[in-house]
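Structure, as structure tokens:
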Amino acid sequence: MFEPAARKRRLFVGIDLNPQARDACARILEELRKTGFAAKYEEAEKLHVTLAFLGFVEPSRYEEIVSKLVEVGARSKAFSFLLDKLAAFPHERRPRVVYIGAHEQGAPFRMLAGELRNGYVPLGFEFRNDSVAHVTIAKVKEAKRPLPLIELVPIPLEVRELVLFESLPNPAHRTSRYERLLTAPCRS
């Protein structure tokens, strides 16, 4: 169960990967690393799909965040989609963020992300861009070369629950780690 702390927490809502999807994404990450592509690669245990980044949140807000998450989960029907492309933001020629994404994320994903974000807007949260179904695998400081081509076998991803994550700093490794705080199941 989610236990509120007496401090602000850096929170986001996302889709955790099942073990098969996590392993498949980690293999692609390793294939990219083997090409010599210079980037800071994510650890396999951090791989996920973000639906709504909430930022630093006051403890007094936790209950309403959890309530909205559970409400949206209960109204949302479970679904699946394919992670079937290796791509980058802003684009593959000068990548800054490398990800495994979906050519067609589908209406269920768009509806879920939209409903979740629209539920958080009245609570004072802002979202600048639409949610894109993707798993970030690497970040590039200086885009010196285009993203290499890597063969990717489509990875099925089942969405059965929504997860409230906390991003915790890991100064020793100059990164962060993600902790699952609460899950909200979707309808079968």
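The charge dipole of the chain, taken about its Cα centre with unit charges on the Cβ of Lys, Arg, Asp and Glu (plus for the first two, minus for the last two), comes to roughly 660 debye.
Computed on the chain, with alpha-carbon pairs under 8 angstrom and 6+ residues apart, the relative contact order is 33 percent. Cα gyration tensor of region 48-188, axes a ≥ b ≥ c as square roots of the eigenvalues: rounded (a/c below 1.5), prolate (a/b > b/c) or oblate? The shape class here is oblate. The GNM of the chain, with springs linking C-alpha atoms under 10 angstrom apart, assigns the highest mean-square fluctuation among PHE89, PHE165, PHE53 to PHE89.
For the chain, set up a GNM with springs between Cα atoms under 10 Å and report which of VAL121, VAL163, VAL140 has the largest fluctuation. The residue with the greatest mean-square fluctuation here is VAL121. Near HIS134, once Lys and Arg are set to +1 and Asp and Glu to -1 for all other residues with Cβ below 15 Å from its Cβ, the sum equals 0. Note on the chain: dipole from Cβ charges, positive end direction compared against ILE155, LEU86, ILE15; the farthest Cα belongs to LEU86.
Shown for region 1-93 is the translational diffusion coefficient from the Stokes-Einstein equation, using the Kirkwood radius over Cα pairs, a temperature of 37 °C and a viscosity of 0.692 mPa s: 203 µm²/s. Taking other residues whose beta carbon is less than 9 angstrom from the beta carbon of GLY101, and scoring Lys, Arg as +1 and Asp, Glu as -1, yields 0.
A 1.4 Å probe run over the protein chains yields, for region 77-118, 51 Å² of accessible area per residue, whole-number rounding. Each Lys or Arg adds one and each Asp or Glu takes one away; over the other residues whose Cβ falls under 14 Å from the Cβ of LYS77, this sums to +1.
Measure off, as a whole percent, the carbon and sulfur share of the 1.4 Å-probe accessible area of the chain, all protein chains present. Answer for the chain: carbon and sulfur cover 52 percent of the accessible area.
The values are calculated or read from the model by the stated rules, or taken from the named source; none is laboratory data. All values reported here derive from a predicted model rather than from experimental measurement. We place every Cβ from the backbone using ideal geometry, glycine too, and count neighbours over all the protein chains shown. Surface accessibility is based on the protein's heavy atoms, side chains included, excluding ligands, DNA and RNA. Shrake-Rupley method; radii C 1.70, N 1.55, O 1.52, S 1.80 Å.
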